[in-house]
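Some notes on the structure that comes next.
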């Protein structure tokens, strides 16, 4: 009787584990591979109703390919940078430019989401290059690796700008874009004059756990399985995709931006990144901002902090 019961327990465990892996495999694929459908994108987990949460858990997220929402209101030039996936960018020039800021968007977004930042930066006297990561906007591909392989695209954009003779180059990234910048500096030793990192996650695993936390459902063990399969499907070990570790190699001036109401990235993650930055640095926390575009909630403070970085007037 005991042997039969033990076999039954083992069988139930094995079947349950297999089912959890199957669900995680499917969810990881829909999260990292954009669909061609025009169906509505699944909203942020914290805004879903109970029924929508059940549907998302059962059938995965709806993740259509990010399409360009609007065009620049000023003159611009479309730039295409060759590579495994052609990267489409917008080049916007300023009068008597002091340098160039390259801007990178977040997950499931595209370069037009950066236009408001470009306006401020152009007003400060800087050219801007707004880039679409692979799978987004006008760039090639149909997937995202949440900043891992996008780091190579950061390097390609940096090389393009420096190759044109520009010597004063800054990098701006929001969320996934910030993570990609940090990995690019860590892996490829590119050397911008400074970086502006808006709400980067501390580790890939923490980023996945946050989605479960926002849905008010337990993260264990599915967050670990999703992290594993998301990396495996895209050819990398996702548990080592950790911007908090990449920060240790960023010795240029760094401005780290955080919204106190951010539900996707914890203050502990931001503090870990900040503490690991070895060079001149500043942490700016905006009390009314959440995750993403801090310019919307704190325009004057955001512009002031950006101006300070660009003038290299950061505190030690």
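Which of the residues that make up segment 249-259 are in contact with a strand residue (DSSP E or B) (Cβ under 7 Å, 6 or more places away or on another chain) and within 20 Å of residue 204 (Cα to Cα)?
Across segment 249-259, the qualifying residues are 250, 256, 257, 258, 259.
Looking at segment 21-57, which of its residues are at pLDDT 90 or above and either closer than 28 Å to residue 89 by Cα or under 18 Å from the mean Cα position of the chain (by Cα) (or both)?
If the condition is that a residue be at pLDDT 90 or above and either closer than 28 Å to residue 89 by Cα or under 18 Å from the mean Cα position of the chain (by Cα) (or both), then 28, 29, 30, 31, 32, 33, 34 are the ones that fit.
Could you run through segment 112-133 and say how many residues are part of a loop (DSSP other than H, G, I, E, B) and closer than 16 Å to residue 158 by Cα?
Residues that pass the stated criteria total 3.
Mind checking which residues of segment 264-274 are in contact (Cβ under 8 Å) with a residue 60 or more places away in the chain and buried (at least 16 other Cβ atoms within 10 Å of the Cβ)?
Hits for segment 264-274 are 264, 265, 266, 269, 270, 272, 273.
Counting just the residues of segment 58-79 that are outside any loop (DSSP other than H, G, I, E, B) and exposed (fewer than 15 other Cβ atoms within 10 Å of the Cβ), which one comes out modelled with the lowest pLDDT? Even if it seems obvious, please write down each step before you answer.
Step one: filter segment 58-79 for residues outside any loop (DSSP other than H, G, I, E, B), giving 58-59, 64, 77-79.
If we keep only those that are exposed (fewer than 15 other Cβ atoms within 10 Å of the Cβ) too, we end up with 58-59, 77-78.
Numbers: 58: 60, 59: 63, 77: 98, 78: 98.
Applying the filter and picking the extreme gives 58.
In this structure, is residue 117 more than 25 Å from residue 26 (Cα to Cα), at pLDDT 95 or above and under 18 Å from the mean Cα position of the chain (by Cα)?
yes
Just to be sure I understand, how many residues within segment 275-316 are without any contact (Cβ under 8 Å) to a residue 24 or more places away in the chain, over 23 Å from residue 114 (Cα atoms) and in contact with a strand residue (DSSP E or B) (Cβ under 7 Å, 6 or more places away or on another chain)?
0
Scan 202, 138, 147 and give me the residue that is assigned to a loop (DSSP other than H, G, I, E, B), on the phi > 0 side of the Ramachandran plot and touching a residue at least 60 places away in the same chain (Cβ under 8 Å). Quick ask: steps written out before the conclusion?
Details: 202 fails: on the phi > 0 side of the Ramachandran plot; 138 fails: on the phi > 0 side of the Ramachandran plot.
Checking each option against the conditions leaves just 147.
The values are calculated or read from the model by the stated rules, or taken from the named source; none is laboratory data. Keep in mind that this is a model prediction, so the values were computed, not measured. Virtual Cβ from ideal backbone geometry, glycine too; neighbours counted across all protein chains shown.
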